[in-house]
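Beneath this line is the structure, given in structure tokens, with notes to follow.
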Amino acid sequence: MNTSIKIGGLDLKNPVMTASGTFGYGPEFEDFIDINRLGGIVVKGTTLNHREGNAYPRMAETPSGMLNAVGLQNKGVAQFCNDIYPNIKHYNTNILVNVSGSTVDEYVETARMINDLEHIPGIELNISCPNVKEGGMAFGTSCPSAVAVTHAVREVYKKTMIVKLSPNVTNIAEIAKAVESVGADGVSLINTMLAMAINAETRKSVLSTITGGLSGPAIKPIALRMVWQVAQEVKIPIVGMGGIMNATDAIEFLLAGASAIR
Amino acid sequence: MSANHNQPKKRSELLKVLQNRKINKDYYVLEVESPASTADILPGQFVEILVKDTRNAFLRRPISIYNVNTDRNSFELLIQIVGEGTQLLSELKVGDSVDIMYPLGKTFTLETKGKKALLVGGGVGVAPLLFLSRKLKDNGVDVHILLGGRGSDNIIEVDNFENYASIYISTDDGSKGEKGFVTQHSVMQNMDFDMIYSCGPDPMMRAVAKLANEQNINCEVSLENMMACGIGACLCCVTETTSGHQCVCTDGPVFNTKVLKWN
Ligand SMILES: Cc1cc2nc3c(=O)[nH]c(=O)nc-3n(C[C@H](O)[C@H](O)[C@H](O)COP(=O)(O)OP(=O)(O)OC[C@H]3O[C@@H](n4cnc5c(N)ncnc54)[C@H](O)[C@@H]3O)c2cc1C
Ligand SMILES: Cc1cc2nc3c(=O)[nH]c(=O)nc-3n(C[C@H](O)[C@H](O)[C@H](O)COP(=O)(O)O)c2cc1C
Ligand code: FES
């Protein structure tokens, strides 16, 4: 069966990709799976400058899911280009870099540097990270700011650009339409849901940041609903994610209107 | 991002339960058989076990490797029941199969012939110290172990440790061995050791590390941070070190206390 699909200029040999932040950079999984069989991998959130991320504890398990508040820990885009990229560029799959920032300029500078990397055919613009103080999700929760950052990055980034949407909004289809209108080649959804876990014994939040992002099977019904809503409104391909654990889950996303899944 | 090419290859497999031995109502030893040799497993390494049939224990459970039996390609885990995951695993029967990812993490630095080492374990924290004592004894190290716990029910597997080390015991309530915290035990008042290894509750390891540092003795601890992936991908399990946030699952779980920002 031919399962290949196309997003912008990007050809995926099959619709299965990995989600940013859950798959590291790839080498972590080399012992377990053949990375080259994946349609694509999206590497960990990358920002202009080094970020230490939030304090421990930054993870909590909840029924059928988990909360995380990693806070985009990464060594910055320059280190990615110099130290990580040379070790992963040989993978025979599409490597997308998840790009994040606190200001529009940071997004633009980061995207500009990645544009120069020959073996990176695309980026995923993360305007939906709930775990950073400035920027991140703030860009993805209103149409004007989502448009501003997508438009600015489009000016400097010439390859495939997928915009990753936040579920923490009242009308996700509206945001999807807005980023489509300024040149997004595709949208991916959903990032994590803003959530909280409390330890009744200590009477405190389990996470150092108090709130975090919920992922896993717990959010699958929400993700499906949002993929379906967005599919009614946009023509660009949709990459669906949120709690996909097996093939049946994946098929459900494709039925809701996604072209590719994580 | 650390693909450890000098470390044993990590694998994720369905392993067969050879034994599930109950120690008392809180602790048990689970032995599983690997399809391949277990000779490359190092002391201090751990596994991630998938718990079936539960929505609560959704993530794999990290558990230290307690012992390795190369003659029958198996390894053992010493587990304390603290919640649903560890409860369900305690119900596994001989012949059942269980999905385990192993071996994960870095090993302890092994002292060499003629040296004297003290191991300090608190509660189920003794788990990684048995295989360590064995390897140290093989190396010709003079091994001493202090087993600590709240009460006598928390002092477990003493017979097993006796094969490799001189034993000292302390309990908070005095029901076995000396009464008090491990750091108040007489063996820790005369510190003529070349190396101290410790695993147990966080406050205990910090107190042991403080004593060791005061006496300029090298000290390694095995941390038990909450984990999700166990292989360095999600960055959930970090601890603060002199070189920033490091993953307990891949940069550890064993750390020299000099690099930990514990103060
Ligand atoms: C590297 C490593 C090695 C470990 N080795 C062993 C071992 O050899 N034997 C053993 O019995 N346990 C070990 N643990 C702890 C073990 O992973 C937890 O006890 C287990 O995951 C609890 O699962 P549960 O579903 O039974 O309990 P849950 O319902 O998840 O939790 C019950 C209680 O245990 C606490 N808890 C959960 N995870 C941890 C943790 N990582 N550290 C401290 N407290 C926790 C929770 O806060 C809660 O109060 C290790 C942990 C790590 C990170
Ligand atoms: C530990 C962790 C870290 C994450 N880091 C990022 C990130 O850096 N950038 C990003 O866009 N999404 C990040 N996400 C969100 C995921 O990419 C994905 O959108 C979300 O987890 C929902 O999918 P899932 O339920 O299949 O995990 C992270 C998720 C987790 C669990
Ligand atoms: S548990 Fe995922 S990085 Fe350590």
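The values are calculated or read from the model by the stated rules, or taken from the named source; none is laboratory data. Keep in mind that this is a model prediction, so the values were computed, not measured. No Cβ is skipped: glycine too gets one built from the backbone with ideal geometry, and neighbour counts run over all protein chains shown. Accessible surface is based on the protein model in full, side chains and every heavy atom, while ligands, DNA and RNA are left aside. Shrake-Rupley method; radii C 1.70, N 1.55, O 1.52, S 1.80 Å.
Key figures for this structure:
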item: Failed item in (1) within 14 Å of ligand 1 (Cβ to nearest atom); (2) of a type outside the set (Val, Ile, Thr); (3) closer than 13 Å to B:Val126 by Cβ, with B:Tyr197 passing the rest; result: (1)
item: Failed criterion for B:Trp262 (all others in (1) in contact (Cβ under 8 Å) with a residue 40 or more places away in the chain; (2) crowded, with 21+ Cβ neighbours inside 10 Å; (3) within 14 Å of chain A (Cβ to nearest Cβ) hold); result: (2)
item: Residue in the stretch B:230-259 that is surrounded by the most Cβ atoms within 10 Å (Cβ to Cβ), counting only those that are facing chain A (nearest Cβ under 10 Å) and either more than 16 Å from ligand 2 (Cβ to nearest atom) or among the polar types (S, T, N, Q) (or both); result: B:Thr250
item: Verdict on A:Asn2 being at pLDDT below 90, open to solvent by less than 40 Å² (accessible area, probe 1.4 Å), over 17 Å from the mean Cα position of the chain (by Cα) and more than 9 Å from chain B (Cβ to nearest Cβ); result: no
item: Residue check for B:Arg55: within 16 Å of ligand 2 (Cβ to nearest atom) and open to solvent by 50 Å² or more (accessible area, probe 1.4 Å); result: yes
item: Subset tally (residues that are open to solvent by 10 Å² or more (accessible area, probe 1.4 Å), outside any loop (DSSP other than H, G, I, E, B) and over 26 Å from B:Leu136 (Cα atoms)) for the stretch B:72-97; result: 6
item: Residue list for the stretch A:235-258, filter: assigned to a loop (DSSP other than H, G, I, E, B), surrounded by 19 or more Cβ atoms within 10 Å (Cβ to Cβ) and either at negative phi or without any contact (Cβ under 8 Å) to a residue 24 or more places away in the chain (or both); result: A:Ile236, A:Pro237, A:Met241, A:Ile244, A:Ala258
item: Test for B:Asn154: is it farther than 16 Å from B:Asn69 by Cα and surrounded by 17 or more Cβ atoms within 10 Å (Cβ to Cβ); result: yes
item: Strands (runs of 3 or more DSSP E) enclosed by the stretch A:9-65 - at least 1 residues per element that are within 25 Å of B:Arg61 (Cα to Cα) and within 14 Å of ligand 2 (Cβ to nearest atom); result: A:40-46, A:59-62
item: Residues within the stretch A:66-87 that are part of a loop (DSSP other than H, G, I, E, B) and either within 10 Å of another protein chain (Cβ to nearest Cβ) or open to solvent by 10 Å² or more (accessible area, probe 1.4 Å) (or both), tallied; result: 6
item: Tally, over the stretch B:203-228, of residues that are touching a residue at least 12 places away in the same chain (Cβ under 8 Å), open to solvent by 30 Å² or more (accessible area, probe 1.4 Å) and within 12 Å of ligand 1 (Cβ to nearest atom); result: 1
item: Complete set of residues in the stretch A:112-144 that are open to solvent by 20 Å² or more (accessible area, probe 1.4 Å), outside any loop (DSSP other than H, G, I, E, B) and over 12 Å from A:Ser102 (Cα atoms); result: A:Arg112, A:Met113, A:Asn115, A:Cys143, A:Pro144
item: Pair list, Cβ under 6 Å, 6 or more apart: the stretch B:79-93 residue within 18 Å of B:Arg55 (Cα to Cα) and away from ligand 2 (no atom under 16 Å from the Cβ), other residue open to solvent by 50 Å² or more (accessible area, probe 1.4 Å) and modelled with pLDDT of 95 or more; result: B:Ile81/B:Gln87; B:Gly85/B:Arg61
item: Counted residues, the stretch B:152-203 - those being more than 23 Å from B:Thr112 (Cβ to Cβ), assigned to a strand (DSSP E or B) and aliphatic (A, V, I, L, M); result: 1
item: The lone exception for B:Ile23 - which of (1) away from ligand 2 (no atom under 16 Å from the Cβ); (2) within 14 Å of chain A (Cβ to nearest Cβ) it fails; result: (2)
item: Residues located in the stretch A:192-212, provided they are within 13 Å of ligand 1 (Cβ to nearest atom), within 14 Å of another protein chain (Cβ to nearest Cβ) and loosely packed, with under 15 Cβ neighbours inside 10 Å; result: A:Asn199, A:Glu201
item: Pick from the stretch B:58-78, criterion in contact (Cβ under 8 Å) with a residue 40 or more places away in the chain and within 16 Å of ligand 3 (Cβ to nearest atom), ranking: farthest from the other protein chains (Cβ to nearest Cβ); result: B:Ser64
item: Total residues in the stretch A:46-65, condition out of contact with any Ser or Thr (no Cβ under 7 Å at 6 or more places or on another chain) and either more than 9 Å from chain B (Cβ to nearest Cβ) or open to solvent by 50 Å² or more (accessible area, probe 1.4 Å) (or both); result: 6
item: Condition check for B:Asp53: outside any loop (DSSP other than H, G, I, E, B) and not aromatic (Phe, Trp, Tyr); result: no
item: Those residues of the stretch A:5-40 which are more than 12 Å from chain B (Cβ to nearest Cβ) and in contact with a strand residue (DSSP E or B) (Cβ under 7 Å, 6 or more places away or on another chain), in sequence order; result: A:Ile5, A:Ile7, A:Gly8, A:Gly9, A:Leu10, A:Leu12, A:Pro15, A:Val16, A:Met17, A:Leu38, A:Gly39, A:Gly40
item: Qualifying residue in the stretch B:179-197 (condition: at pLDDT below 95, touching a Phe, Trp or Tyr at 6+ places or on another chain (Cβ under 7 Å), of a type outside the set (Lys, Arg) and not assigned by TED's automatic domain parsing to the domain that holds B:Gly252); result: yes
item: Filter pass, A:Val43 being at pLDDT below 95, more than 8 Å from every other protein chain (Cβ to nearest Cβ), buried (at least 22 other Cβ atoms within 10 Å of the Cβ) and within 27 Å of A:Glu106 (Cα to Cα); result: yes
item: Within the stretch B:208-229, tally of residues that are facing another protein chain (nearest Cβ under 10 Å) and out of contact with any helix residue (DSSP H, G or I) (no Cβ under 9 Å at 6 or more places or on another chain); result: 4
